[in-house]
Amino acid sequence: MECNCKEKIEPVLAKYAGSDGSLITVLQKAQDIYGYLSDDLLLYISKRMNIKLAKVMGVVTFYAQFRTKPAGKHLILLCQGTACHVNGSAAVEAAVKEYLNVGEGETTENGLFTYNNAACLGCCSLAPAMMIGETAYGNLTKEKAIKNLKEIEQKEAAI
C-alpha cells in the first residue's frame, strides 16, 4: 500500500534525505507531524532516504520515544527511577493501570490516555512523579494519581 503522506513529510525529506545521520531527526519530525510512525510511513521514509527498512525499524524499536501506534490525547509517563521506585511508584503504577484498564504502552478504549513508564523524569524531589502531557504531578499516592486522571476526564467531558 502506498503512503498517502507525501505532502506533509516531503519538505522534511527534501531537507534531510541526503544528510548522513539524519534518520532520527526525520523520524522525530514525522512523528510530530502524524502523531505516530505507521508502517506505510516508515516504508516511504526508508525508500525516500535510501535506507534499508530493517535499519529504520531498528532505530524505531530501539528508542522509546518512537510510537508505531496512535497515542491517546494525553500521554502519561510514570517515573520508575530510583527515587520514585523507593517512594512507591509501583503502587501508583498498579492503581493507574487498573483505573485506566491498560497495560504498558496501551491506549484507553476512548483514546484519551496512553500509559507508559519512564526510566527517569528528572524531578526526583517530587517522587513518585508522573507527567501527563507537559504537566508534572508529584508526591503521588494511588489516590492522588487517580484524582488527577479524573480531573482530566472531567475537563475533556466539558469540552
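Read-outs throughout are calculated quantities, based only on the coordinates presented, and are distinct from any laboratory measurement. Not measured: the values here are computed from a predicted model. Here the Cβ positions follow ideal geometry from the backbone for every residue, glycine too, while neighbour counts run over all protein chains shown.
Here are some notes:
- Looking only at residues in region 17-64 that are over 22 Å from residue 114 (Cα atoms) and either among the hydroxyl-bearing types (Ser, Thr, Tyr) or in contact with a strand residue (DSSP E or B) (Cβ under 8 Å, 6 or more places away or on another chain) (or both), the one that is surrounded by the most Cβ atoms within 10 Å (Cβ to Cβ) is 44.
- Subset of region 12-56 that is among the β-branched types (Val, Ile, Thr) and outside any loop (DSSP other than H, G, I, E, B) - its residue that is nearest to residue 75 (Cα to Cα): 33
- Extreme residue, farthest from residue 68 (Cα to Cα), among residues of region 10-29 that are touching a helix residue (DSSP H, G or I) at 6+ places or on another chain (Cβ under 7 Å) and of a type in the set (A, V, I, L, M): 17
Let's see how each residue does on (1) within 21 Å of residue 66 (Cα to Cα); (2) outside any helix (DSSP H, G or I); (3) not hydroxyl-bearing (Ser, Thr, Tyr):
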site: 111; (1), (2), (3): yes, yes, yes
site: 116; (1), (2), (3): yes, yes, yes
site: 122; (1), (2), (3): yes, yes, yes
site: 128; (1), (2), (3): no, yes, yes
site: 131; (1), (2), (3): yes, yes, yes
site: 140; (1), (2), (3): no, yes, yes
site: 143; (1), (2), (3): no, no, yes
site: 151; (1), (2), (3): no, no, yes
site: 157; (1), (2), (3): no, no, yes
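- Check on residue 116, touching a Gly at 6+ places or on another chain (Cβ under 9 Å) and either exposed (fewer than 14 other Cβ atoms within 10 Å of the Cβ) or not basic (Lys, Arg) (or both): yes
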